[in-house]
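Contents: one structure, followed by commentary.
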Amino acid sequence: MSTSAIYEQKAAQGLQQLGLDIALARLDSASQQAAAAGWSYSHYLGYLLESELDERHRKTVELNLKFSKIPVLKRLEDFDFAAQPSIDRRLIDELATGRYLHEGRNLVLLGPPGVGKTHLASSLGMLCAQMGHRVYFTTAIEVARKLALALAENKLHREMKNLTRPKLLIIDEVGYLTLDPTQASLLFQVICQRYENRQAIILTSNKAFADWAQVFANDAVLASAALDRLLHRSTVINIRGDSYRLKEKRQAGASANAHRSDPGSTKEVTAQKH
Ligand code: ADP
Ligand code: MG
């Protein structure tokens, strides 16, 4: 066997042993491409490694998104900022860089139903997954119920890990339901642990901070201790305005009405019927 042939074999075995399966699969075609196009040795190596890393990243993102339990994957590009002037676009753009994840900064989205809190939280969650980090989406009541059950079954430690490990935890819908004292204290523990580990939380709520005692089993002290940790390093966005869904509906209704009051279009509708 020629020295070249020996080293070609070693290259394939080495890639296999190192678990670089994509590079291994592309070894022959890349070698042929490199020879035909006269690539430099580093160009060739860079090309092989890039295909391996790209594929690994794609798989990681896929797994992260699956793990995230984000109910509806919404993209930031699909958020209509013009329809929501109470949001400072620059704040969202800054959050989209992912810096807050490394600083352990929280984001609190406040506002009435339908103004886009869950949409924004989900979009930022998706970006986090695409950056290669774990994210977990849940609601306040789900956290509370899961942890209360885990506590009863002596599995609190394990369940807590699921909520404290991911780079980002999204807690949606804080305030829709009042928690009982055990649930409130468990939600507080999650907030506390993530605060101490400098792990980011995105939280959405329809309740103003002044009303948070109600959420935390009417315990004002617990509520203010939770807020203290949550807000210490945080961005708070107060979204005002009407529900986007209702606005869309109203607009659709308005154009239908306009249509109906236009005699020309009435004729059209009648004509279509026949
Ligand atoms: P919230 O969580 O504040 O109750 P959602 O995020 O669930 O509201 O928004 C309700 C629906 O309206 C979703 O389908 C969401 O994608 C859409 N929506 C809300 N605001 C906007 C917006 N500014 N641009 C595009 N879609 C929006
Ligand atoms: Mg919502």
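With the requirement that a residue be open to solvent by 60 Å² or more (accessible area, probe 1.4 Å) and in contact (Cβ under 8 Å) with a residue 60 or more places away in the chain, what does the range 89-113 give you? Passing the criteria: LEU91, GLU103, PRO113. Suppose the filter is surrounded by 12 or more Cβ atoms within 10 Å (Cβ to Cβ) and not in a helix (DSSP H, G or I); does LEU27 pass it? So LEU27 does not fit the description; no. Looking at the structure I just gave you, is HIS133 farther than 29 Å from LYS249 by Cβ, in the same structural domain as LYS207 (by TED's automatic domain parsing), touching a strand residue (DSSP E or B) at 6+ places or on another chain (Cβ under 7 Å) and surrounded by fewer than 21 Cβ atoms within 10 Å (Cβ to Cβ)? Yes; evaluated as a whole, the condition is true for this residue. Which residue pairs have Cβ atoms under 6 Å apart, sit 6 or more places apart or on different chains, and have a first residue in the range 170-182 that is touching a residue at least 60 places away in the same chain (Cβ under 8 Å) and a second that is more than 11 Å from ligand 1 (Cβ to nearest atom) and open to solvent by less than 70 Å² (accessible area, probe 1.4 Å)? So the pair list comes out as ILE170/GLY125; ILE170/PHE137; ILE170/ILE202.
Anything in the range 12-67 that is within 30 Å of PHE137 (Cα to Cα) and among the hydroxyl-bearing types (Ser, Thr, Tyr)? List them, or say none. THR60, the sole residue that qualifies. Taken over the range 173-200, residues that are within 16 Å of ligand 1 (Cβ to nearest atom) and hydrophobic (A, V, I, L, M, F, W, C) amount to 2.
Filtering the range 185-209 to residues that are part of a strand (DSSP E or B) and not polar (S, T, N, Q) leaves ALA200, ILE201, ILE202, LEU203. Within the range 89-138, the set of residues being part of a helix (DSSP H, G or I) and closer than 16 Å to PRO71 by Cβ comprises LYS117, THR118, HIS119, LEU120, ALA121, SER122, SER123, LEU124, GLY125, MET126, CYS128, ALA129. Of the residues that sit in the range 114-130 and are open to solvent by less than 10 Å² (accessible area, probe 1.4 Å), of a type outside the set (Ser, Thr, Tyr) and within 15 Å of ligand 1 (Cβ to nearest atom), which one is farthest from LEU73 (Cα to Cα)? Going through the qualifying residues, I end up with VAL115.
Restricted to the range 139-184, and to residues there that are surrounded by fewer than 22 Cβ atoms within 10 Å (Cβ to Cβ) and part of a strand (DSSP E or B), the residue that is nearest to ligand 2 (Cβ to nearest atom) is GLU173.
The values are calculated or read from the model by the stated rules, or taken from the named source; none is laboratory data. The structure presented is a predicted model; accordingly, all values stated were derived computationally and were not measured. Please note: Cβ atoms are built from the backbone with ideal geometry, for glycine as well, and neighbour counts cover all protein chains shown. Each accessible area value is taken on the protein alone, full model and side chains, heavy atoms only, with ligands, DNA and RNA left out. Shrake-Rupley method; radii C 1.70, N 1.55, O 1.52, S 1.80 Å.
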